[in-house]
Amino acid sequence: MSFDINQVLKDMTTAVIGCVDEGGNAIKTEVNAILTTEKQALMDIAEARLRGEIDDDVVKREITREKKVVEAELLTIVVMTKATAQRAVNAALDVFFAALRNAI
């Protein structure tokens, strides 16, 4: 058997891209869910300001609070990204080891 490193690298790249695409879709879904959840809170703030019920200082305080909420929720994406990277590395190395075993 032969070991074609160029083909192995192409196969490893394909494996990584598959994992990244899958992880990327999960991340997009999570971001959409987070922003959809925040939509009503942000709309309430905007409407209250537009009606003159609150001033700019209150808006700034509320936005600061919402920013902290969104930031905390987005931390889940950090975990998702790390998990995606780990799956991608594992997939690439699985391809490498499989190709090496086949060549032996």
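The values are calculated or read from the model by the stated rules, or taken from the named source; none is laboratory data. Every value quoted in this text rests on a predicted model; they were computed, and no experiment measured them. Don't worry about glycine lacking a Cβ; one is built from the backbone with ideal geometry, like all the others, and counts go over all protein chains shown.
Remarks
- Only a single item in (1) under 29 Å from the mean Cα position of the chain (by Cα); (2) at positive phi is not met by Gln40, and it is number (2).
- Residues that are surrounded by 14 or more Cβ atoms within 10 Å (Cβ to Cβ) and closer than 13 Å to Val31 by Cα within the stretch 77-96 comprise Ile77, Met80, Thr81, listed in sequence order.
- Sole residue being at pLDDT 90 or above, over 18 Å from Val16 (Cα atoms), surrounded by 14 or more Cβ atoms within 10 Å (Cβ to Cβ) and in contact with a helix residue (DSSP H, G or I) (Cβ under 8 Å, 6 or more places away or on another chain), chosen from Glu30, Glu38, Glu73: Glu38
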